[in-house]
Structures are given as structure tokens and as C-alpha cells.
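In what follows, a structure is listed as C-alpha cells, so that the remarks can point back to it.
The values are calculated or read from the model by the stated rules, or taken from the named source; none is laboratory data. Keep in mind it's a predicted model, so treat the numbers as computed, not measured. Note that each Cβ is placed from the backbone with ideal geometry, even for glycine, and that neighbours are counted across all protein chains shown.
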Amino acid sequence: MKLKSHPLLVAILAMPFFLFGQQLNLDHFQNMKPRNIGPAGMSGRVTSIDVLLSNPDVIYVGTASGGVWRSKSGGTDWEPVFDEAPVQSVGAVRINQNNPDEIWVGTGEGNPRNSQNSGKGIYKTIDGGKTWKLMGLEGTKTIHRIIIHRDDPNTVFVGATGSAWGPNPERGVFKTTDGGKTWRKVLFVNDSTGCADLVVDPSNPNKLIAAMWEYGRKPWTFNSGGKGSGIWVSFDAGETWERRTAKDGLPKGDLGRIGLAIAPSKPNIVYALVEAKENALYKSYDGGFKWTKMASANSNRTNVSNRPFYYHELYVDPKNENRIFSLHSTLTKSEDGGKTFEPWVGWKVHPDHHAFWIHPEDPSYMMEGNDGGLNISHDGGATWRFAENLPLAQFYHIDIDMSTPYRVCGGMQDNGSWVGPSAVWKSGGIRNSDWQEVYFGDGFDVAIRPDDPRYCYAMSQGGNLAYIDMLTGHTRSIRPVHPDGVELRFNWNAGFAKNPFHDCGIYYGSQFLHKSLDCGNSWEIISPDLTTNDSTKQQQDKSGGLTIDATNAENFTTIVAIAPSPMDENVIWVGTDDGNVQVTRDGGKTWTNVAANMPGANPGSWIPYIEPSKKRAGEAFVVVSDYRRNDWRPFVYHTTDFGATFTRIADETQVSGPAFCIVQDPIVENLLWMGTDHGLWVSIDFGKNWTKWTKGFPSVTVTDLKIHPREHDLVIGTFGRAAWILDDIRPIREVARSAGEVLEKPFAVFPAPDAWLAEFASVSGTRFAADAIYQGNNRWPNAMITCWVQPPSVKKALEEKAEAEKAAAEQGKKKKKGKAVAGTRPDTSGGEKKEEEVAAGEGEEEAAEEVAEGEEEERPRRGRRGKQKVKVRVVNMDGDTIRTFSQEVDTGMVRIYWNLNQDGVRFPSRRQPRPDSDPPQGYEVLPGTYKLYLTLGKNTDSTEVVVHDDPRMGFRMEKMKAQHAAYDELAKVVTAATEGFDRLQDARKNIEVVNEALAYVPDSLKKEVQKMGKELQKSIDSLERRYMMPEGLKGIQRDPNTITGTLWRARSYIGASDGAPNQAARIMMEQARKEVSAVVKDINDFMTGPFAEYRQKVEALQASLFKEYEPVELKE
């Protein structure tokens, strides 16, 4: 009889390292969350605003690429509520005013600039933002408007602009009548025409007006306008539509983007801001049937509008039909029904406006959103408050330096170039004021000079490059020119790189590669034109369609990525926006285009990022992006032979969103991190499997990644949520190195980052920040130790695997002996019990017995909240244990912090420590290397921590030793004082015990003893009073003349001394010694005198301490 394999056994044995399958189970990494460091002072693009009318303090804000944020305090405090969604680009937010817990979010911003982010459908929450459900329309890419039917909230209309980068049929106006379960496309023109605006008559919820817009973007040009553009009106809730044309008063010819607004106080008045041969405002007095031209918008001088593709937005005062607000580069306003417009707010708020909300009953309350964030007004726009705690920065690039703490720098979309701290050594955390803007404009690469961190390089759009003194602000342009006068083509986001072999060396990309070795003072062109030089794609001055918009945003056939090898100065990689991947191996003398060697890559794709290997000159990773031609798949390639061959290591089967960047771990080559339009991804097996990092990090576009070579931090640049840092990735590095085997251990400790004896400054600016000031998550300079505490689920999986392996081994033995059916037993179902099932069952019983036998021994210490406790023992370089403490931990990857103090001495206190309390902490340790032993249950592991002194303080080891000696001297005094005080507490407790024991002693025998005890307690009170004030005093009462006060002041003065005790410290130490000597003498006299007599008296009592009892009787 043939023995069949049990399917469960086979499955278990096939599991690679305990069910991980080379993908990280992020449930075990909840304590390793990236931290946001801002900034929020230069916020980011806001695309949509809605407010709960029944409570106008509740505000929802949708952002171009930073998710949805909610304030319940009128804009004082904010929280993200959409982070669990798989995409963070938002075009529209709408609250069901009849049910505030129901909110709709349309993803994909509807302002199709070159850096626009797209979405993945429409989402709904019915629990106020706790959870979100995808309701469909994934193919629309951008949703610009949502309207909830006034009388039937299950009826919802969606205006979808569609893909900006190519035709798609999922655009137009969509309608649901069942709360989003199903959708119908009720208005569609063609696959290049989407809905740019959609408004509803406030007096008639079935009357809709839609602005349809034919537009299209390519990497090298943009077109706004076409025959599909126009205005449509529906009177039956979108079931049928009527088009308004030139016969109705609209302009002739092709139209472009149109903004619509209905006057709430007089719905028969409708405004339309129309892009056409002549851009102008049109007005209807009959609800949209006939139209009259009002103010022209063909010139900026008219203040009506500009750049219609980016913003054509109109809003009408709900109480005044003649007051119109126009959103464009600035905010302008008409008071005469659209005849004229005047500047309104000016440049005190960020330009480029996209979102507006005005209270329908109180027009003085309004909000506007722009490329720089959100502003709120409560006086009709006379004054504005900027929401400075929305960290929505859109970083194109991120970089780091080697300062301590290191700095992070990068350039933001429309918000300049910035340098800020990874951590601060001062109170108050990382504030907006800690970030320095070094250059204005649209920011891109920023790089700090390696040999002199006072200076940096920064860029702005179209090739502007500057060298900046960050101390004085002195800035000089270093943009190269061609020596022969050839026009240079620089991308909107031109390629830039530091030369890893020269501190003052940089590379810059036009169509040529430029090299400088003197910080940009002079340049050398070291390549021919590395692009396709397709002249048909070099007509950016004509880009825009009906309205020319030549802003460098469509500059093409340019270099966008430069990657010099850190292993060989002669090897440089270059990527272009038109699909070339060029590599030189001789410093630029010759170049090879290897783009055709990438299997599956679309020719002509954008090459935004190249990561050269830090180990081998011929190895590199190349990111290929083609979403700008409507292909939204991720493409990442790897080569080891200078591009002769490539392997694709990321595709749509595991990763979502087009890829933007990749970084390889410098130590463990299997560990890769990747950023896509939909978030952060990690692979521990060189790209065979990818895991999306979702713990504590939203699905925001990740545009750049750096691993700090000293701190081992992953620095994350996002396009919508500012900068983040995942501190110390070495635990994940070890997971990758061991192929996950380290996670099979019940307990493991990983290498720890260096720690710093940092001096902390006081807070900069506002100390008590309340809720409206942004505070980034700071990294403290203390020792941070990462441990693996095996979760029960992993332990169970490992046990099952072990039992399966045991069963398989037994099965093998049976086969060898030819006893295929040995060990089988009858099954009541009529079949046979398989051998492996018998073995597995027996193994489970044996394992259970083993656990039961060793349960007490293996059980870790538990904290007061029932969590496991890890005990930490710190040993110095001489082998002495200087600190022991414990910390409660969860399971999975956990982090334990040592504050760099050693054990101290206990000061006098009425509160006695618990038996399991950690020793009190003492003074800071000296700089040096310390061994930390961590124990959980019966498992112990160790790591080392290098402790550095504050580099700003100079060499002060001898001073610190002198200070420590003073602390040790004071500790002797404190110990004596505490022992004396403890004697008093023991004496008091003894008296109380005696008094309780005397309860049944005859009065004649106990009267004298009780009197003696009362007098002794008065003496104890008097001695205690010399230590500290009595308990339970009313108000705030202080007595500086107590022994504990003297001890603490002496300790404080020692700490304030620069090394050996200064004069004040010496005086206080001597005073402490005198006071403690005196009180200890008196305590000893008390204990050997009155208290000893009392004890003798008590011990001499000839009386029973027991109560006499009468027999119990049951009475009749």
C-alpha cells in the first residue's frame, strides 16, 4: 500500500522561514514606524475643502498628494483621516450634511500640471473617517467634483476629469442611485474630454450644469481645448443633457477649461469663466440658457484669471449675487456682477489657488487652498490665518549631510529649497523655524557641500542652479552656459549629482553632461548630446493649447538623472526624459546608450532615477517611468555588466503605482527600498518579493530615498507629506541577511546606533506650543536598542513546522524499512489515519508537556499592565555593571531606550520602592563603549552602544571624571541620609504594629507603653521634619532649610559645575555633609536611647496579645 503525502504536511514543509515567504509581516514591525520631520511651514497643494454646516469647526481638506485632513477645532489642530487608503492624491471631498459620518473622497487631483498625481477611484466612509471603502470608478484617474443630492443622499454625481496623460473612456459625469454600489456614466463626450466642473442649483437638486474639457498632456507639450469642451445642462438629475453653444451666447470655436458658479441667493444667475480664443467671464441671467460676455480674461491686467489649465475656479458670495471670487495665481474679486475684477488678497498668502469654501449663511467665514496650503478668514478675507501645521510638502528630491545630528535637504513643488534637521538637541521638538529656505521657486535637488556644511547647492525650474552661503544667505548663480553659444535644454527638474571623489565636484545635466570641480565656478562639458534630440518635441514655447503656458514645465529631450559611480570616477550613468540610459566608463570620452537592453521597457520612457552600486562600478539600478504616456506600471531594472544586460526586478504583479526611486542597502545587498506613486516598498530578497510598508506611513508618493551611512537611517522624501525618517534600519538589514532566520529566534537583539551625551538648549520661540504649531517627531540622542520578541503566532507556526519536519523524518524511516502502513490506525470514517497525522499529534502532546514542565522557568517578567518586561544590564569597559533597568515590551520588533544614566542612590522619601523596582538613575555615563545585556525570560542577548560626548563641547573627559567623583562623594552623604530616614520609618511602623498588638492587653499593662510610643512618634516627627515638610499641607508650601532640599541643591550645583565642583557646589556639599552628620547622630541617639528603652519595655510585657473568646452557644 502506497503512503500518500498529507497536504497540510506538504504545505507546512514548503513554508520558507516561518510563513514569511520572503515578505515581511508588517504586523511585527509596528514599533518601527517612520517619523515625520516636516516641514509644515511651506505646506503643499490643497485641492478641496468641505465643512460640516451643523458644526463649522469640523473641516475636511483634500490635498493634491497628501491625503485628507480633518480639524475639529476650526483649523487649530489637524489629523490625517485617509492614511489607510491605497492612494493619497485627492481631487474632491464632500460631506453628507444630513449624516456627518458619511464622507465621499474622489482621488486624483483635477489640476493637470506636469507634476499632477492621479488616483484610484472614489471612496466613502460611514463612520466619520475611521474606515474607508472603495466605491468604484478606479479607471477615472482624476475626480474633480462630487455632488450629493440634496434630498436623496444615495444619489451622488461625480465629475471625472480622466487621465491627464492619454485618452481613457472612464471620464465625464457619473451617477449612482444606490450609494455607490453601481455607477452609470450619464455624460460622456469622448475619451479625451473630462468634466472640469460640475455645479448644482441650490433650489433644484435635479438641475446640474457641467463644464466638459477636452485636454491632453504629453511629456513635451500640453493642449487645452477642443471640440469636446463646452457647457451642458441637465434638468432631470443627469439623465439627459442639453449643450449650450455659440447660439446661446458662448464664444465660437474650440473651448478649453471652464469654471462654473451659480449664485446661491439668485440661482438664475450663473457665471462661467471660459477659456477660448478670448478668455472671458460669461454670465447667464436665466439659469444657463443664454449667456452674455462680461470681463475679458485675455490679459493679467484685467485681474479675471490666468493659466486656465491650472485653475479656472469661480465662487459667488451666498448673500450677494454680484460678488464673485476668482481663483488663479492670485485671488481677485468682482463687486459688480463680473464687469470688473480687482486684486483682493495679494501676496500675503501663497499664490496659485485651487480650493475655496464660504459659509452659506455667514460669508465672513471662508477658506482657500493653494499650492502652499490652507488659509482661513473670519472677516470676509480682510485678514487670513495660515494653517502652519499641515505637513504637505511635495519633495522632488531629498539628500543628507554628515552633520551631528545630520541634516535633511530637498526641493519642493512651488515651495523652494529647504534644509532642516533630522533631530534637534533642544526642547520643543522639530519646528518649522528649524527649517531654512535657501532658495525660492520650484525646488528640486539640494546638496550640502561635503567638506564645508555652511554651503549648499539648490535648483529651481528650468535649469537654474545656485551656490548658497547658508549662514549669510549670499547666493550666486552657477548655471552653466555653452562656450559656443549653443542653447542648453534644461528639464523642469534637471539632473544634478555630487561628485563622490571631489568635495567641490558636481555634475549638472542639460542635453549635455556638465562637470565642475570648483563648486560651479567653471564648467566642462564631458558628453555629446545624450538625448534623442528630437526637434519635434522641443517646441515648449508653443505649449498650452488655447492659452500658451511656457513655464519650462514641458522642456524635453533633456537629462533628468545623473549617477556617478562611487567605486570608479570614470563611470557615470545618465538618464534622459526621452528614454536614453547612457553610461561612460572613461570619464565622458565615450558613451553607450543601453536603454534597448531593458526587457519590456517602452522605448522613449522617462528615466527619473539611477542608483549606482556602492560595491561594483558596473552595477546599477534603473527606474523607468512611463505614466506620462499613460502606462501606469512600475519598471525597475538591475544590471551588473554596465548595462549590457538588465533584469527587471519590479513589476505590476507585486507593486502598484509607477516607480520613482530605489536604494540598495550598502551592507546587505539583498535589501532594497523602492518608492512609487503609491507608497514605500521593501524587498529582502533582491526584488523577488516586495512588501508595501504601511505601518505608520501613508500610501503617499515617494520620490527619493537615502540611507545615512553613519546612522543607518532610511530618509524618505515624499511628494505630499514632507520628509520622513525610519530610524536605524539595521534590524531589517539583519532580517534580509539571514533570509528571515533571525525572526525564528524567541528573542534577539540587534546592533544599536551610537548615542550622544547631548546638551539640550531651551526651546526656540514658543515654549508652550498648544495645538496650532507644528512639531515634527524628534529623535532623542539616547541609546536606542531594537529587539525581536517572538509573537505567539510565529512561535506556533514554528512549532507546527518542527512537528511536520519530525513527521516527515519518521515517514522517511518507515519507507526505508518498507513499513508503509506502520503506525496507521483505524478511522471511524472508514479510511486510514495517515502516519504523518499520528506523528504530528504525538508531537503536539510532547511539546505541550515540555512547555508545561518549563513554564515557570521560561515565563518572562510581567509589568503592571501584563506586558512582558525586558531586563537590561549595562556593563562598562572595565566589566562593571553600572546600570540595570527594565522596560515593558510588546511582541515583534520593539525598541528599548537607555537614557545614558548609570545607577544612582535613593534619596530620602516616605514612599518606599516596590520590590521589583529598578534602581534609581544617577548621573550620566562617560563617553565610551558599553555592553548591554538584555534578558527576556530565560533568553539573553547583547549589543554594544558607543556613547559620544556632545561634539560642540570640546574635549571634556577629565572634567566629566572630576564631576563624577563629586557625585560619588555626595552619594555617600545621600546614602547615609536615606538609611537614617529609613530607620525612622521602620521605627514608626514598629510602634504602629505594637499599638495594634496591644489592642487586647489590659489598660493597666499597656498604658505606659502607649504613652512612650506617643512620645517617640513626636520625636520621629521632629526628626522627619528636619528632612522634609509634613504631608498633606494646604496650598504650595516650601521650606528651603530641609536636609532633602540641601541634598538636591548640592546635586544641582555639582551638575552646574564645569568639571570639578565650583565654589557654590563645594559650599553646598559641605553643608549637606554637616546637616546629614548631625541628623544621623541624632537618629542613632534616638534609636539607641528612647527607642531601645521602648523596645525593652514592650518585650518585658507579661500579657497575652490574644483576645479571649467565650464559647459559641445556640440559644433556644
Select, from 602, 597, 555, 580, the only residue that is closer than 26 Å to residue 191 by Cβ and either aliphatic (A, V, I, L, M) or modelled with pLDDT of 95 or more (or both). 602
Selection count where residues are assigned to a loop (DSSP other than H, G, I, E, B) and either small (Gly, Ala, Ser) or in contact with a Pro (Cβ under 9 Å, 6 or more places away or on another chain) (or both), scope segment 1022-1057: 4
Could you please let me know if residue 660 is without any contact (Cβ under 8 Å) to a residue 60 or more places away in the chain and surrounded by 21 or more Cβ atoms within 10 Å (Cβ to Cβ)? yes
Can you pull out the residues in segment 62-87 that are charged (D, E, K, R) and not in a loop (DSSP other than H, G, I, E, B)? 70, 79
Within segment 914-930, identify whether any single residue is exposed (fewer than 15 other Cβ atoms within 10 Å of the Cβ) and either in contact with a helix residue (DSSP H, G or I) (Cβ under 8 Å, 6 or more places away or on another chain) or of a type in the set (Val, Ile, Thr) (or both), and answer yes or no. yes
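Quickly run through segment 171-186 and pick out the residues that are within 28 Å of residue 357 (Cα to Cα) and surrounded by fewer than 23 Cβ atoms within 10 Å (Cβ to Cβ).
Residues satisfying the conditions are 175, 176, 177, 178, 179, 180, 183, 185, 186.
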Residues satisfying the stated conditions in segment 993-1006, i.e. assigned to a helix (DSSP H, G or I) and loosely packed, with under 12 Cβ neighbours inside 10 Å: 993, 996, 999, 1003, 1004
Scan (1) among the hydrophobic types (A, V, I, L, M, F, W, C); (2) more than 22 Å from residue 172 (Cα to Cα); (3) touching a residue at least 40 places away in the same chain (Cβ under 8 Å) for the single condition residue 297 breaks and write down its number. (3)
Tell me, please, whether a residue that is modelled with pLDDT of 95 or more and surrounded by fewer than 17 Cβ atoms within 10 Å (Cβ to Cβ) can be found in segment 299-310. no
Residue 213: over 22 Å from residue 328 (Cβ atoms) and at pLDDT 95 or above, yes or no? no
Just for segment 367-397: of the residues that are among the hydrophobic types (A, V, I, L, M, F, W, C) and more than 22 Å from residue 110 (Cα to Cα), which one is surrounded by the most Cβ atoms within 10 Å (Cβ to Cβ)? 387
Filtered residues of segment 872-915 (kept if acidic (Asp, Glu) and either touching a strand residue (DSSP E or B) at 6+ places or on another chain (Cβ under 7 Å) or closer than 30 Å to residue 792 by Cβ (or both)): 888, 890, 903
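For segment 638-657, enumerate the residues that are under 32 Å from the mean Cα position of the chain (by Cα) and either modelled with pLDDT under 95 or of a type in the set (A, V, I, L, M) (or both).
Answer for segment 638-657, where residues must be under 32 Å from the mean Cα position of the chain (by Cα) and either modelled with pLDDT under 95 or of a type in the set (A, V, I, L, M) (or both): 649, 650, 655.
Out of the residues in segment 242-288 that are in a loop (DSSP other than H, G, I, E, B) and among the basic types (Lys, Arg), state the one that is surrounded by the fewest Cβ atoms within 10 Å (Cβ to Cβ).
Out of the qualifying residues, it is 252.
A quick yes/no check of all residues on (1) surrounded by fewer than 18 Cβ atoms within 10 Å (Cβ to Cβ); (2) at pLDDT 95 or above; (3) within 27 Å of the chain's Cα centre (by Cα):
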site: 10; (1), (2), (3): yes, no, no
site: 14; (1), (2), (3): yes, no, no
site: 17; (1), (2), (3): no, no, no
site: 20; (1), (2), (3): no, no, yes
site: 24; (1), (2), (3): no, no, yes
site: 28; (1), (2), (3): no, no, yes
site: 47; (1), (2), (3): no, yes, yes
Could you name every one of the strands (runs of 3 or more DSSP E) located completely within segment 745-816 that has at least 1 residues being touching a helix residue (DSSP H, G or I) at 6+ places or on another chain (Cβ under 6 Å)? 747-749, 783-789
The number of residues in segment 99-126 that are under 23 Å from residue 657 (Cα atoms) and either hydroxyl-bearing (Ser, Thr, Tyr) or not in a strand (DSSP E or B) (or both) is 16
When residue 242 is evaluated against the numbered criteria (1) free of Cβ contacts under 8 Å to residues at least 12 places away in the same chain; (2) in contact with a helix residue (DSSP H, G or I) (Cβ under 9 Å, 6 or more places away or on another chain), which criterion, by number, is the only one it fails? (2)
Does segment 1083-1102 hold any residues that are of a type outside the set (A, V, I, L, M) and loosely packed, with under 11 Cβ neighbours inside 10 Å, and which are they? 1088, 1096, 1099, 1102
Please go through (1) more than 18 Å from residue 905 (Cβ to Cβ); (2) exposed (fewer than 14 other Cβ atoms within 10 Å of the Cβ) for residue 1012 and return the number of the only condition it doesn't satisfy. (2)
Looking at (1) touching an Asp or Glu at 6+ places or on another chain (Cβ under 6 Å); (2) surrounded by 19 or more Cβ atoms within 10 Å (Cβ to Cβ); (3) not β-branched (Val, Ile, Thr), which is the one condition that is false for residue 595? (1)
Residue pairs, Cβ under 7 Å, 6 or more apart or interchain, first in segment 971-983 and more than 15 Å from residue 1050 (Cα to Cα), second modelled with pLDDT of 95 or more and small (Gly, Ala, Ser). List them. none
Might you let me know whether segment 127-145 holds any residue that is of a type in the set (A, V, I, L, M), surrounded by fewer than 19 Cβ atoms within 10 Å (Cβ to Cβ) and not in a loop (DSSP other than H, G, I, E, B)? yes
Go over the candidates 197, 201 one by one and state the one that is surrounded by 24 or more Cβ atoms within 10 Å (Cβ to Cβ) and in contact (Cβ under 8 Å) with a residue 60 or more places away in the chain. 197
For residue 1045, are the conditions met, namely being of a type in the set (Gly, Ala, Ser), surrounded by 12 or more Cβ atoms within 10 Å (Cβ to Cβ) and in contact with an Asp or Glu (Cβ under 9 Å, 6 or more places away or on another chain)? yes
Report whether or not residue 541 is in contact with a strand residue (DSSP E or B) (Cβ under 9 Å, 6 or more places away or on another chain) and of a type in the set (Asp, Glu). no
